[in-house]
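One structure is given below, encoded as structure tokens.
Coordinate-derived values only; no laboratory data. Remember, it's a predicted structure, so these values are computed and weren't measured experimentally. Here Cβ is always computed from backbone atoms with ideal geometry, including for glycine, and neighbour counts include all displayed protein chains.
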Amino acid sequence: MLESYTLIVNLLYVSLLLETSLLFYFVSRKLKNLPYLWKDARSLYLLRIFSEVLDLLSSTDLLDDGMIGANFNIKSEALQKFLEKEVKGVGSKIKLINTYISSMEKIDAYISGISSNIKEIFYLILASIISFALYLIPGFSLDGLFLGFSLGLNIISMYYTIYSYLVYRDVMKKIMEIRNSKS
């Protein structure tokens, strides 16, 4: 009776290891092209940020108008309204540039996180295989501990593989939006 439970647990472990290894292979193959795609999209994004900064600097005469008003001691309401309108326009352009830069930094952080997750998953799978090999050593007194440890590592690595794939999918959507946007 105990041998049948052991056989079931061994088959469960081997099937989980196979699923985790195939999933890891699938995700790592998908992630291989991600840095190259992001490099191209990042260039487009930096160009967009640069054009927004140039647009901001070229379209605002806020500094010149403020200096003229201060030099001639002009305190008219028309000048104040004009300056308030210009400041609001500058604020929205600065917020847009900030949004571009922060989303670019988020994508960089996600890609870095996915890459480190994939390296850690590889080591988890390797540790799981080694632990299972220790379980198979006959006459070893801690064999049940190593089997449980192997199953735990397998489940953890499967979770992080699925998590990495979901993050990859979201990052790819953002990269494709950047690459396909015209403005």
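Observations on the model:
- Here the peptides 151-157, 22-28 are ranked by packing, the mean other Cβ count within 10 Å, and the order with the highest first is 151-157, 22-28.
- Net charge of neighbours whose Cβ lies under 12 Å from the Cβ of ALA41, counting Lys and Arg as +1 and Asp and Glu as -1: +3
- Other residues whose C-beta falls under 13 angstrom from the C-beta of GLU105 contribute a net charge of +2, scoring Lys and Arg +1 and Asp and Glu -1.
- Across the range 92-183 the C-alpha pair distances fall into 5 Å bins from zero in the proportions 3, 13, 15, 14, 12, 9, 9, 7, 6, 5, 4, 2, 1, 1, 0 percent.
- Among 4-11, 38-45, 92-99, 121-128, the order from most to least packed when residues are scored by Cβ within 10 Å on average: 121-128, 38-45, 92-99, 4-11
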